[in-house]
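Each remark here refers to the structure printed beneath this line.
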Amino acid sequence: MQGYNHHEIEKKWQDMWEHERAHETPDHHPSKENKFILTEFCYPSGNLHVGHWYAFGVTDIYARYQHMRGYNVLFPVGFDSFGLPAENAAIKNGGDPRTWTYANIEKMRGQLRSIGARFDWSREIITSDPEYYRWTQWMFAEFFKKGIAYRGSAMVNWDPVDKTVIANEQVLPDGTSERSGALVERKEMSQWMLRITDYADQLDDDLESLDWPEDIKASQRAWIGRSKGAEIDFIVTAASGVHPITIFTTRPDTLYGVTYVVLAPEHPLVETLLEHVTNNQEVRAYQESVRSRSDLERQQSKEKTGVPLVGIYAQNPINGIQIPVWIADYVLPDYGTGAVMAVPAHDERDFAFAQKYELSIQMVIDSPIEAVPYTEHGTLIHSDEFSGMHSQEAQDAMVAKAGGKRTTTYRIRDWGMSRQRYWGCPIPIVYDPEGVPHAIPAEHLPWTLPDDVDHTPDGTAPLARSRELHERTERIFGAGWTPEVETMDTFVDSSWYFYRYLDAHNQETFCASDAMHAWMPADMYMGGAEHTTMHVLYSRFFNKALHALGHVPHPEPYTVRRNRGLILGTDGNKMSKSKGNVIDPDEQVHYVGADSVRMYLAFLGPFGVTHNYPWDTNGLVGMRRFIEKVWRLSEKIQPSDNLAPLVHTTIRDITHDMERFKFNTALSKMMILVNAAEKEGGIARHHFEILVQLLAPFAPHAAEELWRGLLDHDSSVHNEAWPLYDETLMATEEYMLPVQINGKVRAQITVPTTITEEEVLALARQHETLAQWTDGKDIKKVIFVQGKILNIVI
RNA sequence: GCCGAGAUGGUGGAAUAGGUAGACACGAGGGACUUAAAAUCCCUUGCUAGCAAUGGCGUGCGGGUUCGAUUCCCGCUCUCGGCACCA
């Protein structure tokens, strides 16, 4: 046998697997249970980076392991291929986004093949293919018909660099765009929205049932921001009539402590009340000053400002007291009702405001620590018949007495999903001559993206400039009809892609019911932490909306989700061209081979946790050395060895590790086995075969070469059953027992596995080192845990 | 500020139904082989005292429970992630 030549071996087996169609996965297998292992698909940037290797290569270890465990494993791959980078590249280099995108896909297919993953390429999907986006459009049309998609006017986030609207989820905490990095502007605009808020309760409630890490659940809950409270009307009686101010509060138990009411400066009622106030000018000036401040300024300065509506009083419905009405910038126009009841004694913001403007403060919760404001729940005081009750028990009755109602509000806003750009899925809507939108009927889908467009962004939708699109619209729908010219956010494309993997070539429907029942929900979804409040939330919403309309059978798309971390540069910083610390995986693969790169990434640390690991080229070389060690061991196959106990405990331990994504410790246990075999001077064939099987998910090419080449098997190691351990072969006759004196290890003694407490104590007394400690002392207590520890307390 | 996750050698990390802290790997030091280098093999490698045998200390910090705590409990510090004038 030749030495380990990764170039030859990896090419040979990749070709062979393709030739054998080894990775094509049927929807149903006569004897195997299905397992759908999903990892986020990639954007065709034109270059596979180390992060892709981590995402696909290490997840493939798990997929291959499950395949050997006897599951019918689907591990698909595809491209999320609409999006701005294609347009930007086309603008920069000439050409058009489609050509750029498909050339990149072609290149990346080759790079993805070099990973040696068991991708089922027969199910490949590309979201910019008309055969794919036809179904994205079909879903949108369904949503439109059922009112889940609607045209609405809202405050939107405008990205001045990409010249398009982006969703709330796509604005980073510092107010910049997730894609372009530009400072986002807010403007009022009409656009297409998806009613994710209708599903806010379900999206929150159903988190409970999912096997997801707590941090992902917590982030989604915070993003949804469900808050249970009550809406209560405070009545303003003016010459023009009676004007209720509806406030939202989570603390109706503090109603007796309300000393003023605050409206957001933008609140529509302010306009109505303005004619009755005596400081008209001041109010208008304040509104103007608030309007001119950017969101960022409003966020940064926590100094609260406001002006009173002089002459206006609102009546507290619980006790009939008339209180002043203010407008202030600390009340947000688009949360709750845009109006609050202020309880300075029990709310920090109201307290700060009341202090600044010398408004009265009324304690209504008994504070055990004499703190003002005291914001905890507690016993009510100065609250008529409610005094003496606890906050929680009083709330319902107080809401009832005040004539309010229990409500829930949410932080999450509807998903603004139309984009004023070219390279995206056309929104399947046409407008009749009166301007009323209609969904394009299914027989006209896919509603293709026109080619005759100058896609340079200027802030208006490029599709408006397509003659072909307008002619097509009039030809099909009649004179005077016009097409929708906005395209969809690419997060729409990726919100349902996993269904298409299951039935990638179906011409009748996006996915046949049988395929959905066969595979969904996905058994594992591996992805990046940055998608927690974007893709993961959107796709759950899509699934729920489709479920509500009867199009998919399950309420959740994936029951197990794990986020992985990032691979950092060797300097510990995030890889970036500007820092010059980018590792090119192609180069690494050329140098040490795909198997070494896969194993190195698996060995860095536990997978499926959000933890970042710096790249270490020396560590990679160490992995290559391990494969070579296995290679050398293959030349020392001998008739028998003494490795049975170790081999079988290794199988047991590695199997346990694989189930928990602890590929790092699984590998270390293989190394221990190989080191032991080396020390032994060789290894028996049947043990070496087990080693190759354990190695197969990690180093699929090398293991295949050893299995089919050296060990001369007819079929692939990847179709072998995962090895089982035999307890009877694990047993040893004696073991090393650590002996503690007063809880500190002082010696180790070799004892038979069947030893009793008296026998072990007798052995310990004879032991030289231990005798130093025990001689002449009373033994107060002896703790003996068979197989673990002997502790002598003196 | 609130919510979530975490903190272990020079580095990545290992060990949690409480039972030898530092597996495995990298790096470092020493040695063998070699004309030399690479590759490979052997030894050492938490800190500290000692020639050694052996001892003291040690898992972010301070307490507690226990024969025994990286693991459990209480109180802090710091790091990362999310939310944040959300009523």
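Each part reduced to its alpha carbon centroid, segment A:144-161 and segment A:578-600 end up 42 Å apart. For A:Glu474 and A:Asp451, the difference between the fully extended length at 0.36 nm per residue and the C-alpha to C-alpha distance is 6.5 nm. Rounded to the nearest 20, the Cβ-based charge dipole of segment A:417-508 about its Cα centre (Lys and Arg +1, Asp and Glu -1) stands at 140 debye. When both segment A:30-49 and segment A:353-401 are represented by their alpha-carbon centers, they are found 55 Å apart. Please give the FRET efficiency for A:Ser360 paired with A:Glu271, using the beta carbon to beta carbon distance and R0 = 30 Å, rounded to the nearest 0.05. The value I calculate is 0.60. Counting only heavy atoms of the protein chains and using a 1.4 Å probe, A:Lys356 has close to 90 Å² of accessible surface. Placing unit charges on each Cβ (+1 for Lys and Arg, -1 for Asp and Glu) gives segment A:713-767 a dipole about its Cα centre, and among A:Thr750, A:Ala721, A:Ala762 the Cα reaching farthest toward its positive end belongs to A:Ala762. Listed by chain and number, the aspartates and glutamates whose C-alpha is less than 15 Å from the C-alpha of A:Lys146, apart from same-chain residues fewer than 8 away, are A:Asp198.
Just need the relative contact order of segment A:675-765 here, percent rounded to a whole number, with Cα pairs under 8 Å and 6+ apart. Mind showing how you got there, number by number?
Details: 69 pairs, mean separation 14.7, N = 91.
Relative contact order for segment A:675-765 comes out at 16 percent.
Charge dipole (Cα centre; +1 on Lys/Arg Cβ, -1 on Asp/Glu Cβ; no other charges) of segment A:477-634 amounts to roughly 760 debye. Most tightly packed first, judged by the mean number of other beta-carbon atoms within 10 Å of their residues, the peptides A:579-587, A:160-168 read A:160-168, A:579-587.
Considering only beta bridges that DSSP places wholly inside chain A, some 70 percent are antiparallel.
Only DSSP H runs of four or more residues enter the estimate; each adds -39500 (n - 2.57), and after division by the residues of chain A the mean residue ellipticity at 222 nm equals -10500 deg cm²/dmol. What separates the Cα centres of segment A:50-68 and segment A:213-232 is a distance of 33 Å.
Note on A:Glu131 and A:Trp481: their simple-model spin labels are 2.7 nm apart, each label 7 Å out from Cα toward Cβ. Toward the positive end of the charge dipole of chain A, with +1 on the Cβ of Lys and Arg and -1 on the Cβ of Asp and Glu, the farthest Cα among A:Val609, A:Ile105, A:Cys511 is that of A:Val609.
Provide the FRET efficiency to the nearest 0.05 for the A:Lys146-A:Arg660 pair, computing r from the beta carbons and using R0 = 60 Å.
Working: r = 42 Å, r/R0 = 0.70.
After rounding, the FRET efficiency stands at 0.90.
For a straight C-alpha distance cut-off of 13 angstrom, the aspartates and glutamates reachable from A:Lys217 (same-chain residues fewer than eight places away being disregarded) are A:Asp204, A:Asp205, A:Asp206, A:Glu208.
So for each of A:189-198, A:470-479 I average, over its residues, the number of other beta carbons within 10 Å; can you give me the resulting order with the highest mean first?
Details: A:189-198: 19.4, A:470-479: 14.5.
Descending packing order for the listed peptides: A:189-198, A:470-479.
Applying 1/(1 + (r/R0)^6) with r as the Cβ-Cβ distance of A:Asn742 and A:Glu768 and R0 = 25 angstrom yields a FRET efficiency of 0.85.
Let a ≥ b ≥ c be the square roots of the eigenvalues of the Cα gyration tensor of chain A; is it rounded (a/c under 1.5), or, if not, prolate (a/b larger than b/c) or oblate? It comes out oblate by the Cα gyration axes.
Peptides A:113-121, A:99-107, A:710-718 ranked from most to least packed give A:113-121, A:99-107, A:710-718, packing being the mean of other C-beta atoms within 10 angstrom over each peptide's residues. Taking each of A:Lys145/A:Lys405; A:Lys12/A:Lys636; A:Lys544/A:Lys574 in turn, the alpha-carbon distance tops 29 angstrom for A:Lys145/A:Lys405; A:Lys544/A:Lys574. Restricting the calculation to Cα atoms, segment A:494-550 shows an Rg/Rh of 0.98 when the hydrodynamic-style radius is the Kirkwood one. The alpha-carbon of A:Lys187 sits under 12 angstrom from the alpha-carbons of these aspartates and glutamates, leaving out residues fewer than 8 places away in its chain: A:Asp159, A:Asp295.
The values are calculated or read from the model by the stated rules, or taken from the named source; none is laboratory data. Since the structure is predicted, the reported quantities are computational estimates derived from the model, not experimental observations. Glycine also receives a Cβ, built like all others from the backbone with ideal geometry; neighbour counts cover every protein chain displayed. All accessible areas refer to the heavy atoms of the entire protein, side chains included, with ligands and DNA or RNA removed. Shrake-Rupley method; radii C 1.70, N 1.55, O 1.52, S 1.80 Å.
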